[in-house]
2 protein chains.
Amino acid sequence: MKKLTETVNRFNILSEDSLHSFFAKMSPVKIPKGSFLIKENTTANYLYFIESGMLRSYYFANNKEVTISFSFSGDFITSMSSFIKQGPGYENIEALEDCELYQIHYKDLQSLLENDKDLEHIYRILLEQYYIKLEEQLIFSKFKTAKERYLNLLKDNPQIIQKASVGQIASFLDMSLETLSRIRATI
Amino acid sequence: MKKLTETVNRFNILSEDSLHSFFAKMSPVKIPKGSFLIKENTTANYLYFIESGMLRSYYFANNKEVTISFSFSGDFITSMSSFIKQGPGYENIEALEDCELYQIHYKDLQSLLENDKDLEHIYRILLEQYYIKLEEQLIFSKFKTAKERYLNLLKDNPQIIQKASVGQIASFLDMSLETLSRIRATI
DNA sequence: CAAGTCCTTTGACAAATGTCAAAAAATCAA
DNA sequence: TTGATTTTTTGACATTTGTCAAAGGACTTG
């Protein structure tokens, strides 16, 4: 629970009571490499925190996988649209390595947020940060050439390049895996 | 203030007092077509609500305008990254038509959110909704062909196509304006 | 170790899109 | 209205990227 504690304490506002009731609802889950945390067309009932490991979110378009994001230790993850709307989502979330997670059920989170305003405050700030990150991702995705997008990823997220396959990275960067392979050959 | 009242009341949880203190901090602003709400490299001190009109956010890459979003009556708008971090941002926000807005200063919003937990609750839910919208935009931006991206915009946001120029729409859809013009010729 | 599977690279070619330039159309201002 | 300015369309061609196919490596498992 080291990483989770660290992440929540960074805000420095939660009372012992708040911390206690929050941790009480977070239960540990371990999933092996290659297994799925969330499958498309199901409703995401849990929000997860990644204690250790790496995961990938993707959906299918024309029978091809399109990677939306990679997530790491210290990140929260779920199918946001499904979790928030409490309806079926379009994402698959797959463990790229063995993962230690903590999960909290939608209902538990909602009741915590309603009853503990400090927690809602933190949740709000996290949402803001995730929003900004997503906005940055949208901007990077507009970089003109395939090579620019790859070099930017190499600079900002080398962990992704180390651990994901060429095909997964290519689908994240909006290019064919052959194109990515050729770009790598020139560097 | 019709649209703003409607938007806030949709949540149905704010007391008379909350509503009153919120509206008290929202001051009306009118800006003419072609003027700027926010310029790049400045800090966005205000969050705006669009009562009427339409605006465009964009930044520059290789001396070309890249459109990030179009916003309409009923939307909140600002340079989110700049407003949240309270540091210089990369976006320009330009009025595509005469606009009636309400603005709230960063400090006023923060103190409202700290003192009124119902307001923070609404703000949190709005953030969730904007997050999901952004995620959808990211997914649409990955549609493979230029024509698919255009047709999707035509289906989901015809107002954009009616009111923005070919160049602005093309930069939003990640294609050259010539390509967009040719796509339109075939429909 | 060998066979099988999966992932990555390379090649040849096709298709999509970008670029530059000019013409046509629309908009604006006097 | 008319001339000027801006926006959109069209054409010719270059470039980038995708697709299909095959070969080469790496990894797994019996």
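The values are calculated or read from the model by the stated rules, or taken from the named source; none is laboratory data. Please read all numbers here as calculations on a predicted model, not as lab measurements. So basically every Cβ, Gly included, is an ideal-geometry build from the backbone, and we count neighbours across all protein chains shown.
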Output the residues belonging to the stretch A:1-34 that are over 19 Å from the mean Cα position of the chain (by Cα), surrounded by 12 or more Cβ atoms within 10 Å (Cβ to Cβ), touching a residue at least 60 places away in the same chain (Cβ under 8 Å) and under 19 Å from A:S111 (Cβ atoms).
A:L14, A:S18, A:S21, A:F22, A:K25
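Can you tell me which residue among B:L55, B:L96 is within 28 Å of B:T5 (Cα to Cα), at pLDDT below 95 and within 13 Å of the chain's Cα centre (by Cα)? Talk me through it step by step, then tell me what you get.
Values: B:L55 fails: at pLDDT below 95.
Going through B:L55, B:L96 in turn, just one is within 28 Å of B:T5 (Cα to Cα), at pLDDT below 95 and within 13 Å of the chain's Cα centre (by Cα): B:L96.
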Total residues in the stretch B:91-113, condition within 14 Å of chain A (Cβ to nearest Cβ) and within 21 Å of A:I132 (Cα to Cα):
7
Failed criterion for A:S73 (all others in (1) more than 7 Å from chain B (Cβ to nearest Cβ); (2) more than 13 Å from the chain's Cα centre (by Cα) hold)
(2)
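Quick grid of which residues meet (1) surrounded by 16 or more Cβ atoms within 10 Å (Cβ to Cβ); (2) facing chain B (nearest Cβ under 7 Å); (3) without any contact (Cβ under 8 Å) to a residue 12 or more places away in the chain; (4) in contact with a helix residue (DSSP H, G or I) (Cβ under 7 Å, 6 or more places away or on another chain):
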position	(1), (2), (3), (4)
A:D116	yes, no, no, yes
A:R124	yes, yes, yes, yes
A:E128	yes, yes, yes, yes
A:K133	no, no, yes, no
A:E136	no, no, yes, no
A:K147	yes, no, no, yes
A:N152	no, no, no, yes
A:K155	no, no, yes, no
A:P158	no, no, yes, no
In the stretch A:1-29, residues that are part of a helix (DSSP H, G or I) and of a type in the set (V, I, T) total 3
Condition (residue is surrounded by fewer than 20 Cβ atoms within 10 Å (Cβ to Cβ), within 12 Å of chain B (Cβ to nearest Cβ) and either in a helix (DSSP H, G or I) or in contact (Cβ under 8 Å) with a residue 60 or more places away in the chain (or both)) applied to the stretch A:56-65: is it met by at least one residue?
yes
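Could you identify the single residue in B:K142, B:K117 that is closer than 30 Å to A:L47 by Cβ, modelled with pLDDT under 95 and away from DNA strand C (no atom under 16 Å from the Cβ)? Walk me through it before giving the result.
Working: B:K142 fails: away from DNA strand C (no atom under 16 Å from the Cβ).
Being closer than 30 Å to A:L47 by Cβ, modelled with pLDDT under 95 and away from DNA strand C (no atom under 16 Å from the Cβ) holds for just one of B:K142, B:K117, which is B:K117.
Can you tell me which residue is farthest from A:S141 (Cα to Cα) among those in the stretch A:33-51 that are out of contact with any Phe, Trp or Tyr (no Cβ under 9 Å at 6 or more places or on another chain) and away from DNA strand C (no atom under 16 Å from the Cβ)?
Residues of the stretch A:33-51 out of contact with any Phe, Trp or Tyr (no Cβ under 9 Å at 6 or more places or on another chain): A:33-36, A:39, A:42.
Among the residues that remain, those that are also away from DNA strand C (no atom under 16 Å from the Cβ) are: A:39, A:42.
Details: A:K39: 25, A:T42: 27 Å.
Per the criteria, the residue is A:T42.
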